[in-house]
1. Is the range C:188-201 home to any residue that is over 30 Å from residue C:217 (Cα atoms) and not charged (D, E, K, R)?
2. Could you please let me know if residue E:195 is farther than 22 Å from residue D:120 by Cβ, modelled with pLDDT of 95 or more and of a type in the set (A, V, I, L, M, F, W, C)?
3. Within the range A:67-79, can one find any residue that is crowded, with 24+ Cβ neighbours inside 10 Å, touching a residue at least 60 places away in the same chain (Cβ under 8 Å) and of a type in the set (S, T, N, Q)?
4. Restrict the check to the range D:135-156 and report whether at least one residue is within 26 Å of residue D:68 (Cβ to Cβ), of a type in the set (Gly, Ala, Ser) and out of contact with any Phe, Trp or Tyr (no Cβ under 9 Å at 6 or more places or on another chain).
5. Take residue C:172 and decide whether it is in contact with a strand residue (DSSP E or B) (Cβ under 9 Å, 6 or more places away or on another chain), hydrophobic (A, V, I, L, M, F, W, C) and assigned to a loop (DSSP other than H, G, I, E, B).
6. Taking the range E:154-176 on its own, how many of its residues are open to solvent by 10 Å² or more (accessible area, probe 1.4 Å) and within 26 Å of residue D:148 (Cα to Cα)?
7. Of all residues in the range A:2-25, how many are surrounded by fewer than 13 Cβ atoms within 10 Å (Cβ to Cβ) and within 14 Å of another protein chain (Cβ to nearest Cβ)?
8. May I ask you to list the residues in the range C:136-153 that are buried (at least 20 other Cβ atoms within 10 Å of the Cβ), of a type outside the set (Asp, Glu) and touching a strand residue (DSSP E or B) at 6+ places or on another chain (Cβ under 9 Å)?
Amino acid sequence: MTPRVREILSWYGADNPGTLTNLARIMNHGRLAGTGKMVILPVDQGFEHGPARTFGMNPDGYDPAYHVQLAIESGCNAYAAPLGALEVVARDFAGEIPLILKINNSDTLYGDKRPISALTSYIDDALRLGCVGIGFTIYPGSGERKHMYEEIAEASRLAKQAGLVVVIWSYARGEQISKEGETAIDVISYAAHIAAQLGAHIIKVKPPSSHIEQPAAAKVYQEQGIKVATMADRIRHVVQACFAGKRIVIFSGGDSKTTDVLLKEVSELAQGGGFGSIMGRNAFQRPKAESIKLLQDVMDTFAGKK
Amino acid sequence: MTPRVREILSWYGADNPGTLTNLARIMNHGRLAGTGKMVILPVDQGFEHGPARTFGMNPDGYDPAYHVQLAIESGCNAYAAPLGALEVVARDFAGEIPLILKINNSDTLYGDKRPISALTSYIDDALRLGCVGIGFTIYPGSGERKHMYEEIAEASRLAKQAGLVVVIWSYARGEQISKEGETAIDVISYAAHIAAQLGAHIIKVKPPSSHIEQPAAAKVYQEQGIKVATMADRIRHVVQACFAGKRIVIFSGGDSKTTDVLLKEVSELAQGGGFGSIMGRNAFQRPKAESIKLLQDVMDTFAGKK
Amino acid sequence: MTPRVREILSWYGADNPGTLTNLARIMNHGRLAGTGKMVILPVDQGFEHGPARTFGMNPDGYDPAYHVQLAIESGCNAYAAPLGALEVVARDFAGEIPLILKINNSDTLYGDKRPISALTSYIDDALRLGCVGIGFTIYPGSGERKHMYEEIAEASRLAKQAGLVVVIWSYARGEQISKEGETAIDVISYAAHIAAQLGAHIIKVKPPSSHIEQPAAAKVYQEQGIKVATMADRIRHVVQACFAGKRIVIFSGGDSKTTDVLLKEVSELAQGGGFGSIMGRNAFQRPKAESIKLLQDVMDTFAGKK
Amino acid sequence: MTPRVREILSWYGADNPGTLTNLARIMNHGRLAGTGKMVILPVDQGFEHGPARTFGMNPDGYDPAYHVQLAIESGCNAYAAPLGALEVVARDFAGEIPLILKINNSDTLYGDKRPISALTSYIDDALRLGCVGIGFTIYPGSGERKHMYEEIAEASRLAKQAGLVVVIWSYARGEQISKEGETAIDVISYAAHIAAQLGAHIIKVKPPSSHIEQPAAAKVYQEQGIKVATMADRIRHVVQACFAGKRIVIFSGGDSKTTDVLLKEVSELAQGGGFGSIMGRNAFQRPKAESIKLLQDVMDTFAGKK
Amino acid sequence: MTPRVREILSWYGADNPGTLTNLARIMNHGRLAGTGKMVILPVDQGFEHGPARTFGMNPDGYDPAYHVQLAIESGCNAYAAPLGALEVVARDFAGEIPLILKINNSDTLYGDKRPISALTSYIDDALRLGCVGIGFTIYPGSGERKHMYEEIAEASRLAKQAGLVVVIWSYARGEQISKEGETAIDVISYAAHIAAQLGAHIIKVKPPSSHIEQPAAAKVYQEQGIKVATMADRIRHVVQACFAGKRIVIFSGGDSKTTDVLLKEVSELAQGGGFGSIMGRNAFQRPKAESIKLLQDVMDTFAGKK
């Protein structure tokens, strides 16, 4: 157990030893073991965008076993997926990598003005499949926010009792937020803060832009001279918004990008104090060797080796 | 126990021996026993379309005992029906054929823009009636999708704890899907994938057309050259979308058709790797001898004897 | 125990001996005991239409004791009423006649486009009051049909566990059904079939007219030459729609009618194979002697003595 | 135990001895003890109309202790109030007067077209505070009637199990009822009948006017010559509508009135067979001595001493 | 235990010794210990307004440890915060200051016409974190008031069983209340009264203005000559509206103000009989030494030392 991992665990004084054990399992697994940094492979895009749009460019990916192997071989800290995909692999890969059950999901066969995901699995499923934690998406800004916050509050309470880690994907969107505002620095840091207040152990947000969405916030950013010019500045701000850095905040890779663009962004995430990346499509849609190389480059960037 | 059945069971590593036993019972019953293929007789159309429209052309069908006998005599793998119909036959035919309780149903006395079926029975009913599994219809694309996915998530969790098999009927429909889009290849494979992610052991969809509904999907189908020209191509694609073929996918017969048309379609389903058919109206609306002949021809097609 | 009662009980092979016992109690009570026919006195119109409209023409009826006495003296098979009315009489008349607790009710102080009754009592109440069963109204065709079907599915499951009989009043109505359509032969037989599929032991519908409401159904009635010209034809068809006659189907008396009209209709119900009548206003709004005479004439008609 | 109290208890044959004991406690307490008549002091107007509008004219009333003392000193049968007000006094006045917990309440900071009160306390609270019963308001005629009837059905079932008395305040109102119709004789007697059918032990309605709201009812009142000309006639009719007088029906005082007007009305209530009054504002908004005098005059009127 | 604290405890005769112990803990902690007055530091504005708007002007505040230390060092009676923030500090500061878990929260990424907060934590969380009580916000005047009142009724019942203190933040707002009306004296005292009736031990409202919102109330204020000219008058009126002063009523600081304005207001609150302040932004947005000085000046004002 490295001093850094111990330090991070010390921020979670309210959790039981079961949850700390599972949080340590994530931090002590793979290429980034012991660094306090983490890269997680999430594969829920088949549900979110449809199978062809997700796996068509690399058909090996239709098989959930492909992804868990990719995560193991590249040295990811954990692999996250919905119920069905984990049910396929949980027995065959038992104990080989920490698993995170993504307990709510959306699809794109219906678009709603009040976005909210469906609860497709639960704490009991995470336990029977040997997972270390659950993942949950909230959409702050949605007219259904009360509904979602209460779903995760309840799931989180049960997860913590069962010694599981709670990972919240926090994506602001809704009728009163512009498209550009969804990644605005004030909105991203607000969404991250909400996830922290809801009791997340690990918070996942998108990398923020320098746009500021809410006028009341803009006033404060200007008056207080809060730095948001560079990505590193903004990451620092988002991490600060999560209890002054006492919660693990990781960033998604977003849309498909070229390797150079991606690694540059990751470099800025690391520079700003981000705890890691959660990278799906940008990894598994590439050929396997290429995606392993990419994931490891990302890990090495967070480890300060690049 | 044939090697093929063992192989199929091996895909369900997350399930308890109770569920595997019931899944094996389905695969080891009837004319297709041991082949890993299956034909199921479902009779819920009385509820869905009304009794006269369903049984008027063959009035013997008003009696649920007729159907269970038809399923037994033709050598179907299982018989599926709503609560009332199973209550009539469960004692008299106990142990003669695997039964699947269709736990949700719709009727056509009211049409809703946001389609969703009613939960008309539950896990306890399936157990007290000696069923091997439950059947559940979802309508991906409906404004009520969250509601439905959560109903089946909960029912599925309880069914699996009780050692039952979960069969999901996945029919995309809703305000943002065109009539043609309901059977589009991208939509059908998406609907099948959702059912797989929801934890279905057996997935039932309609045979897909070559139409592609969603622009974002069309782009990928074209760029990646995904083959959807023939029915066999499309079936292969749908099966692939269900965890690279690691879930049992069966296809419905749909509207009444001539025997020739039907058998041709079944031949393509089999050729594309479909695991079988679930055939209702096309079977029981014919005179009994004719329907037994048809069902057995279908079975023999899947068995590769035709 | 007559052979006919034994035969009827044999159709309910999924039920526990407790429910069969209570079903037998209904069939073995009163003037029609042992015939397999039944006449039930229901008094929920005070709730449904208001007390003055219901009891104003025979004020003795304000007292629930009047009705239970009427049912006993005339030799009805059972008496059905809402919670409050049964609470008044259950102790004083304990064991004198089978009681059915009507567990949901509507009133006419508010009219809704999406009709649904309120659950005003439950299984526990039926048990503590010594009832043999519960009664429940569904409105197929209502926008709230899912809600209702799930209420009765849950109530029915609990009732069957507790050895109670389930009686479903099935009245189609809603935004997509015309006034005339509410008693159309296709709609009535569909509504009866839904009740059967929902697991009812006894199904109550209105006597059907020869009107056919749904075009898709009309086509089948014509093509298949289904007979609906006479009331006896139609009753035969409705009974057939309930699992080929393997469920008890009884018919309501409807609006106040002259004795002659009423007895003629009952005669046709009996001729078509109806299992009996559930007759409220037409009975208790007449002076007592007259209503006893009428009820007994109805019974004798079903018994084939008239 | 007087013969009259015994007689009244005999109407509640479905209740357990616990509930009868508490009903007897109400009838055997205070100035009207043993008469079978009752006057209850209810103080929920602070919640319903706001504190200043309720207590501003007699500021002693801000203190809940004032009211319970007023009820004790004047000899009321019971004191009814919401949770907070009872929590203030329950220990200090334990055992001095029967308490009724008003478990639902509305306020006037928001007006709804579909009126419904909020459940602000429950059976457990009534038990821990030593209450003899619960009070509940329903609004027949509201679009939320199903919701309310089911709330009281559930609360009533639990209350009866716990040996508590159920008092229903039944006030018809809603989009399809005119302002005048809210106190129409047909509507009041219908509302009272609904409360009786819902299982109330004690029913509270407003004194009815001679207006008839519903055309279908008007026809019957006229045809059957139902007397509604005098208040005594109408009270007799309302009491009859509650199971021919086998349920306790009491009447509210309504808006502030002069003492003369009020006592005249009470005299008519008594003459028509009303079981008593539930009088709030008309009592506690007067100076204490005056309100005690008034309450006792009301009691003496019901006792036949005036 | 001072006589004043004993006196205050005596008003809570319905509570169990567990709750009284926790209420005493609040009153016996910090600079105001034993006076029966209290100042609470609440920090939920990060959730309510976003992190930058809340902590940007004093970035030390991003760390929840900063606030609990501020509360301890200044001698506050308690510290209140949402789940996440308390989870960060509960172990490290265990036993150093009474903690109140704010169990519902809103954010400003979506504005609703029918305001209601989300339940983000619950009784079990309060217990496992060592809290003395729970905090809950209601919005009387909202179309969701029934929903909120029922949430707090249920939470309050469980909290009281568990020996916790219930603090209700009562802020009237909604479609039928003007912006000015939200702090009108009639509305504030009504909102406070509702909180008292809902069973709150401690009630938090905003300092009221002399505006009167509701015409029906205005009439009474005028006729009865209720004094609302000075802040002290109004505070006296609000306290009276809470069971004649038998409930603890404290007042929020509201928007950022200069120290002079703030202390003048606090002086009036104290003069009018307010039990204390709950002061967030006005405290922690100042530099630490300045905020300690301010909080202690506020405390000394309530203690009568200023």
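1. The first filter runs over the range C:188-201 and keeps only residues over 30 Å from residue C:217 (Cα atoms), leaving none.
No, because not a single residue in the range C:188-201 is over 30 Å from residue C:217 (Cα atoms) and not charged (D, E, K, R).
2. Details: farther than 22 Å from residue D:120 by Cβ: no; modelled with pLDDT of 95 or more: yes; of a type in the set (A, V, I, L, M, F, W, C): yes.
Taking the combined requirement at face value, the residue does not satisfy it.
3. Within the range A:67-79, one or more residues are crowded, with 24+ Cβ neighbours inside 10 Å, touching a residue at least 60 places away in the same chain (Cβ under 8 Å) and of a type in the set (S, T, N, Q).
4. The answer is no, given that none of the residues of the range D:135-156 is within 26 Å of residue D:68 (Cβ to Cβ), of a type in the set (Gly, Ala, Ser) and out of contact with any Phe, Trp or Tyr (no Cβ under 9 Å at 6 or more places or on another chain).
5. Details: in contact with a strand residue (DSSP E or B) (Cβ under 9 Å, 6 or more places away or on another chain): yes; hydrophobic (A, V, I, L, M, F, W, C): yes; assigned to a loop (DSSP other than H, G, I, E, B): yes.
Against the criterion (in contact with a strand residue (DSSP E or B) (Cβ under 9 Å, 6 or more places away or on another chain), hydrophobic (A, V, I, L, M, F, W, C) and assigned to a loop (DSSP other than H, G, I, E, B)), residue C:172 qualifies.
6. 7
7. Here the count works out to 3.
8. Residues satisfying the conditions are C:136, C:137, C:138, C:139, C:140, C:145, C:146, C:148, C:149, C:152, C:153.
The values are calculated or read from the model by the stated rules, or taken from the named source; none is laboratory data. Note that the coordinates shown come from a computational prediction; the quantities given were computed from them, not determined experimentally. Here the Cβ is made from the backbone with ideal geometry for all residues, glycine too, and neighbour counts use every protein chain on show. The protein model used for the area step is the full one, side chains on, heavy atoms only, and it has no ligands, DNA or RNA in it. Shrake-Rupley method; radii C 1.70, N 1.55, O 1.52, S 1.80 Å.
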